[in-house]
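The values are calculated or read from the model by the stated rules, or taken from the named source; none is laboratory data. As the structure is a prediction and not an experimental result, all values here were calculated from the model. Here the Cβ positions follow ideal geometry from the backbone for every residue, glycine too, while neighbour counts run over all protein chains shown.
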């Protein structure tokens, strides 16, 4: 009798201890050769495939591995390479990394959030002369590698054509439909070659199907898969979705494919309702994403079994694949490496390898009977009861404080126009004030110092003295450059969320729970496991010391409540909005402490505000209202003379500009350098009256932009923004950049500001 099968949508690339990141960065520094890089990453890829095989997965994904980003892989595969990068061999690693990272003469391609995650993809660019061509069948290469070298008959994975082009930009150069029609024959060729090689299944990712699609979009989808189904035989096509319930369920399930992957976790129950109401075709396999692929908690077996049982009543086992809800790219690799977590907490955590074990066990339960999983159900209940009573899980004072704010509407004491006058008198800044976003270069020396302190090799006094030296050095550097508003540099911080979590109650931290953010950059999200509170000031010591070294204002630097939430693994037993308000109230106390210490400008960063936005428009207003409330809860108690700044990055802000205005921050800086000023268009139609800095150069690329290049960015912004409200800054923090390139770029930025000031022939106070 045919049975249900187990699979995964994708596996993390980075290795258990970030071996992938380290290999890439050695290569970029020219410490290793290309051949050595290829060998290292091949060994890592093989290790990952073997682990999935040993876990017992029936269908192992191959082709989800990448040297940087799977969307960029797709661009290279189909020859969609920007003209400015076409002077090198198209499939070379040189071209590949140049597109992602830029060169001295060519700006890197844009980078933005992958749907509503903290992963970033390289945005494909469609140009007037773009003509897709199949340069390399990457899924085929990985399929053959797994089969020939490891005996694994894998499931090739590739990004679908509609999603790929929906993530691209440049359709003012060529119509969307025209490029899509040129791309489909190449997908057909890829699939035909996979079929010829003997691949049984191929996974085609079309997560765009869970977003709000137009009728025209749905016609494109129908046309693409009608064409593919007519031309491709001998291989089964699994159309994979994730991150939400699909829109137009009736249409999607009738597409001419052999299987459809649906998300039963991040759908608020909608997928199961659709399945119950509309059924599922008898000629298709359902790949049911029932294990949470985005959070790190052990599976709730009772809940998952209820969903799986309901699915089985509609789709029989022989047409069922059980899997995590998304690619496991978004969770760490394994809990096995964690040696310092409290046992009560560790026993309720599941990272990638544990989620694969859960997937395989669930599949056995479906095939062999529920009795197989009963021991796990009982173990789960015992562990969660123990964890619920563990230290730090519950704080009555925090819960009562949240309740006291329930019916209140936080807001600043005065309107912005009044605050602006008070702040102008206090700070007396020049026209087009210059500043940076917050972090300054964290050298190997700084990272070693922090590691020595963490390991106990350095005393707190030694470490504090070191941080003070770096802070003083960079206050002097900023003054020498001529910046108007300074930062302390954040040398004491390893990560903009982890640092705060370590000082707040309710957070736990791991040793190796890394996930990829962009390129080789990995982050280690903290775990919010209990009620959040502030036991003591977090940032006052460093900020006050920096301010004591200069007469210029130094910004206090905080991470906002929404970003802390979105960049953490969050408890699921209370609403996310309640967790956010707990964080906001803790930050409210920190802002008061900074004010008491004489800090007059305080930046509350919200770079992750946009990424938490629900994919469906009918759910977005609630999220945005909650985000505004949390920000105001943190900042509204600030005095009129305290200038509240905020910073946002990697986000398409045109649609939420009104929400940004409601935050009521005195100054906002938004990352725009990589999007080549596209955000400026939003201000052509929205009358934004507060201070604003649109990043004038891209810090994610090692290139040093010229003075003229930055002047051009400033001039374009000043076409739609009043120079009296405009600030000049890099587009993001400078933590990952080298000292020499940072100083050179800041000197250019300051010179550009001075040149534009001269051209404006005015000052703020005239």
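Being surrounded by 22 or more Cβ atoms within 10 Å (Cβ to Cβ) and out of contact with any helix residue (DSSP H, G or I) (no Cβ under 9 Å at 6 or more places or on another chain) is a description that applies to residue 603.
Give the stretch 336-354 a look and list any residue that's assigned to a helix (DSSP H, G or I) and more than 24 Å from residue 206 (Cα to Cα), or say none.
Selection gives 343, 344, 345, 346, 353, 354.
The strands (runs of 3 or more DSSP E) falling completely within the stretch 486-535 that include 3 or more residues that are more than 30 Å from residue 475 (Cβ to Cβ) and touching a residue at least 24 places away in the same chain (Cβ under 8 Å) map to 505-508, 527-533.
Would you say residue 408 is outside the structural domain of residue 477 (by TED's automatic domain parsing) and part of a helix (DSSP H, G or I)? Before you say what the answer is, go through the steps one by one.
Values: outside the structural domain of residue 477 (by TED's automatic domain parsing): yes; part of a helix (DSSP H, G or I): no.
Judged against the criteria, residue 408 is not a match.
A search for C-beta distances below 8 Å between a residue of the stretch 706-718 that is in the same structural domain as residue 748 (by TED's automatic domain parsing) and crowded, with 16+ Cβ neighbours inside 10 Å and any residue that is assigned to a loop (DSSP other than H, G, I, E, B) and at pLDDT 95 or above, counting only pairs 6+ apart in sequence or on different chains, returns 714/432.
Can you find a residue that is within 30 Å of residue 332 (Cα to Cα), assigned by TED's automatic domain parsing to the domain that holds residue 353 and modelled with pLDDT of 95 or more anywhere in the stretch 272-280? I'd like the intermediate steps shown before the answer.
Within the stretch 272-280, the subset within 30 Å of residue 332 (Cα to Cα) is 272.
Applying the additional criterion that residues be assigned by TED's automatic domain parsing to the domain that holds residue 353 yields 272.
Now drop any that are not modelled with pLDDT of 95 or more, which leaves 272.
Yes, the stretch 272-280 contains a residue that is within 30 Å of residue 332 (Cα to Cα), assigned by TED's automatic domain parsing to the domain that holds residue 353 and modelled with pLDDT of 95 or more.
Scanning the stretch 523-537 for residues that are closer than 30 Å to residue 18 by Cβ and buried (at least 21 other Cβ atoms within 10 Å of the Cβ) yields a total of 7.
Is it the case, given these coordinates, that residue 29 is surrounded by fewer than 17 Cβ atoms within 10 Å (Cβ to Cβ) and within 24 Å of the chain's Cα centre (by Cα)?
Details: surrounded by fewer than 17 Cβ atoms within 10 Å (Cβ to Cβ): yes; within 24 Å of the chain's Cα centre (by Cα): no.
Spelling it out, it is not the case that residue 29 is surrounded by fewer than 17 Cβ atoms within 10 Å (Cβ to Cβ) and within 24 Å of the chain's Cα centre (by Cα).
Taking the conditions exactly as written (in the same structural domain as residue 154 (by TED's automatic domain parsing), modelled with pLDDT of 95 or more and farther than 15 Å from residue 333 by Cβ), does residue 36 satisfy them or not? Criteria met by residue 36.
Working only within the stretch 146-166, note down all residues that are farther than 19 Å from residue 192 by Cβ, assigned to a helix (DSSP H, G or I) and touching a residue at least 12 places away in the same chain (Cβ under 8 Å). So that I can check it myself, show each step before the final result.
Here is the first cut: in the stretch 146-166, the residues farther than 19 Å from residue 192 by Cβ are 146, 148-152, 162-163, 165-166.
Right, trim to assigned to a helix (DSSP H, G or I) and you get 146, 148-150, 162-163, 165-166.
Those that are farther than 19 Å from residue 192 by Cβ, assigned to a helix (DSSP H, G or I) and touching a residue at least 12 places away in the same chain (Cβ under 8 Å): 146, 149, 150, 162, 163, 165, 166.
Of all residues in the stretch 309-335, those satisfying the criterion of being surrounded by fewer than 21 Cβ atoms within 10 Å (Cβ to Cβ), touching a helix residue (DSSP H, G or I) at 6+ places or on another chain (Cβ under 7 Å) and not in a helix (DSSP H, G or I) are 314, 334, 335.
Rundown of residues vs (1) part of a loop (DSSP other than H, G, I, E, B); (2) outside the structural domain of residue 345 (by TED's automatic domain parsing); (3) more than 28 Å from residue 486 (Cβ to Cβ), yes/no style:
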site	(1), (2), (3)
555	no, yes, no
564	no, yes, no
577	no, yes, yes
580	no, yes, yes
585	no, yes, yes
598	yes, yes, no
611	no, yes, yes
623	no, yes, yes
632	no, yes, no
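Somewhere in the stretch 206-220, is a residue in contact with a helix residue (DSSP H, G or I) (Cβ under 7 Å, 6 or more places away or on another chain) and over 20 Å from residue 325 (Cα atoms)? Yes, the stretch 206-220 has at least one match.
Figure legend. Inter-residue proximity from the stretch 200-221: first residues over 17 Å from residue 176 (Cα atoms), second residues assigned to a helix (DSSP H, G or I), beta-carbon distance below 6 Å, spacing 6+ or different chains. Indicated pairs: 202/194; 207/163; 212/617.
Each row is one residue, and each column tells you yes or no for (1) surrounded by 15 or more Cβ atoms within 10 Å (Cβ to Cβ); (2) more than 25 Å from the chain's Cα centre (by Cα).
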position	(1), (2)
164	yes, no
176	yes, yes
185	no, yes
190	yes, yes
208	yes, no
211	yes, no
215	no, yes
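Checked against (1) outside any loop (DSSP other than H, G, I, E, B); (2) in contact (Cβ under 8 Å) with a residue 40 or more places away in the chain; (3) over 27 Å from the mean Cα position of the chain (by Cα), residue 742 passes all but condition (3). Of 57, 41, all but one fail to be within 26 Å of the chain's Cα centre (by Cα) and crowded, with 20+ Cβ neighbours inside 10 Å; the exception is 41. The residue that is surrounded by the most Cβ atoms within 10 Å (Cβ to Cβ), among those in the stretch 453-491 that are at positive phi and touching a strand residue (DSSP E or B) at 6+ places or on another chain (Cβ under 8 Å), is 489. Is it true that residue 450 is without any contact (Cβ under 8 Å) to a residue 60 or more places away in the chain, surrounded by 17 or more Cβ atoms within 10 Å (Cβ to Cβ) and touching a strand residue (DSSP E or B) at 6+ places or on another chain (Cβ under 7 Å)? Considered against the rule, which asks whether it is without any contact (Cβ under 8 Å) to a residue 60 or more places away in the chain, surrounded by 17 or more Cβ atoms within 10 Å (Cβ to Cβ) and touching a strand residue (DSSP E or B) at 6+ places or on another chain (Cβ under 7 Å), residue 450 comes out as no.
For the stretch 653-672, taking the residues that are touching a helix residue (DSSP H, G or I) at 6+ places or on another chain (Cβ under 7 Å) and under 24 Å from residue 167 (Cβ atoms), the one that is modelled with the highest pLDDT is identified as 659.
Among the residues of the stretch 422-438, count how many are outside any loop (DSSP other than H, G, I, E, B), surrounded by 12 or more Cβ atoms within 10 Å (Cβ to Cβ) and either touching a helix residue (DSSP H, G or I) at 6+ places or on another chain (Cβ under 6 Å) or free of Cβ contacts under 8 Å to residues at least 24 places away in the same chain (or both).
From the stretch 422-438, those outside any loop (DSSP other than H, G, I, E, B) are 422-427, 434; that's our starting set.
Retained after the next criterion (residues that are surrounded by 12 or more Cβ atoms within 10 Å (Cβ to Cβ)): 422-424, 426-427, 434.
Filter once more, so that each one left must be either touching a helix residue (DSSP H, G or I) at 6+ places or on another chain (Cβ under 6 Å) or free of Cβ contacts under 8 Å to residues at least 24 places away in the same chain (or both): 434.
Here the count works out to 1.
Among what's in the stretch 538-552 and is in contact with a helix residue (DSSP H, G or I) (Cβ under 6 Å, 6 or more places away or on another chain) and assigned to a loop (DSSP other than H, G, I, E, B), pick the residue that is surrounded by the most Cβ atoms within 10 Å (Cβ to Cβ). Here the residue is 538.
Under 30 Å from residue 189 (Cβ atoms) and either outside any loop (DSSP other than H, G, I, E, B) or modelled with pLDDT of 95 or more (or both) - does that describe any residue in the stretch 289-303?
From the stretch 289-303, those under 30 Å from residue 189 (Cβ atoms) are 289; that's our starting set.
Right, trim to either outside any loop (DSSP other than H, G, I, E, B) or modelled with pLDDT of 95 or more (or both) and you get 289.
Scanning the stretch 289-303, I find at least one residue that is under 30 Å from residue 189 (Cβ atoms) and either outside any loop (DSSP other than H, G, I, E, B) or modelled with pLDDT of 95 or more (or both), so the answer is yes.
Check whether at least one residue in the stretch 120-133 is in the same structural domain as residue 170 (by TED's automatic domain parsing) and part of a helix (DSSP H, G or I), and report yes or no. Don't jump to the end; show me each part of the working.
We begin by selecting, within the stretch 120-133, every residue in the same structural domain as residue 170 (by TED's automatic domain parsing); these are 120-133.
Still in the list and also part of a helix (DSSP H, G or I): none.
Checked against the condition, which is being in the same structural domain as residue 170 (by TED's automatic domain parsing) and part of a helix (DSSP H, G or I), the stretch 120-133 yields no hits at all.
Conditions (1) under 29 Å from the mean Cα position of the chain (by Cα); (2) farther than 11 Å from residue 542 by Cα, marked per residue:
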{"site": "466", "(1), (2)": "no, yes"}
{"site": "473", "(1), (2)": "no, yes"}
{"site": "477", "(1), (2)": "no, yes"}
{"site": "485", "(1), (2)": "yes, yes"}
{"site": "489", "(1), (2)": "yes, no"}
{"site": "492", "(1), (2)": "yes, no"}
{"site": "495", "(1), (2)": "yes, yes"}
{"site": "498", "(1), (2)": "yes, yes"}
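Being surrounded by fewer than 16 Cβ atoms within 10 Å (Cβ to Cβ) and under 27 Å from residue 332 (Cα atoms) narrows it down to one residue among 240, 306; which is it? It would help to see each step written out before you state the result.
Numbers: 240 fails: surrounded by fewer than 16 Cβ atoms within 10 Å (Cβ to Cβ).
Matching residue, one of 240, 306: 306.
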